[in-house]
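Everything below concerns the one structure shown next.
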């Protein structure tokens, strides 16, 4: 690439960074703004500019980006692990939980068993006052590549429970509201399924049929390499953006 092209590339990246950085502040000031839609528009705009700038070289550039991103995700994974090692006091930064899939209303979303995350992200309740709330998710099966999904919007409550903020300590700044005798980071559904906790029932007295601690839209599951809409597996969820 020429120096001029490199400068244009830097300009595209800087513009996208500034837009993404400002989205959260915009949403705080105007609850009618959709974080997911604004992000999607921004990324589409950047991609269009890249195609114009690179022309026939665009596919090769995308290939290089994927290779670079693989290395970047490994770095981020190690960084998140280090954060977890030093921050596990009253809350956790990440946990391996079982992930299922659901038919979502939007492409890129997930569900956690805390209804106040959903309400905050939709702007219908301000128990949690600083939306948007997102998670990062890592998936890797032995012998397969590592996959990441970053900044996944929490737009649904579940699976199973709606008041089980299991990533929070019972004595933390945002105390776990229910099932407080369970270990930090263990979803009630997991304990009910494997250990017959609460007689194998969820908070609504339904029989827990799987140990899921997170539910993914099909698009997020595909991004994580699940390979089909009926596939479920263990993933590592990073809760560092949650209260």
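The table that follows gives values for the structure above.
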item: Residue 142 versus residue 170: modelled label distance in nm, points set 7 Å from Cα along the beta carbon direction; result: 3.5 nm
item: Where only C-alpha atoms are counted, convex hull volume of the stretch 90-238 per residue in Å³; result: 109 Å³
item: The stretch 168-243-the stretch 93-142 distance, computed between alpha-carbon centres (Å); result: 11 Å
item: Pairwise label distance in nanometres, residue 56 with residue 71, each label 7 Å out on the Cα-Cβ vector; result: 2.7 nm
item: Separation in nanometres of the label points that stand 7 Å from Cα toward Cβ, at residue 210 and residue 194; result: 1.6 nm
item: Mean Cβ neighbour count within 10 Å, used as a protection proxy, ranking 212-225, 102-115, 136-149 highest first; result: 212-225, 102-115, 136-149
item: Likely footprinting exposure, 188, 156, fewest C-beta neighbours within 10 Å first; result: 156, 188
item: Calculated FRET value between residue 201 and residue 124, using beta carbons and R₀ = 25 Å, to 0.05; result: 0.35
item: Rh (Kirkwood; distinct C-alpha pairs) - the stretch 162-237, Å; result: 13.5 Å
item: Footprinting exposure proxy for 182, 9 (fewest neighbouring C-beta atoms within 10 Å first); result: 9, 182
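Read-outs throughout are calculated quantities, based only on the coordinates presented, and are distinct from any laboratory measurement. Small disclaimer: the values here were computed from a predicted structure and weren't measured. A quick note on method: Cβ atoms are made from the backbone with ideal geometry, for glycine too, and the neighbour counts reach across all protein chains shown.
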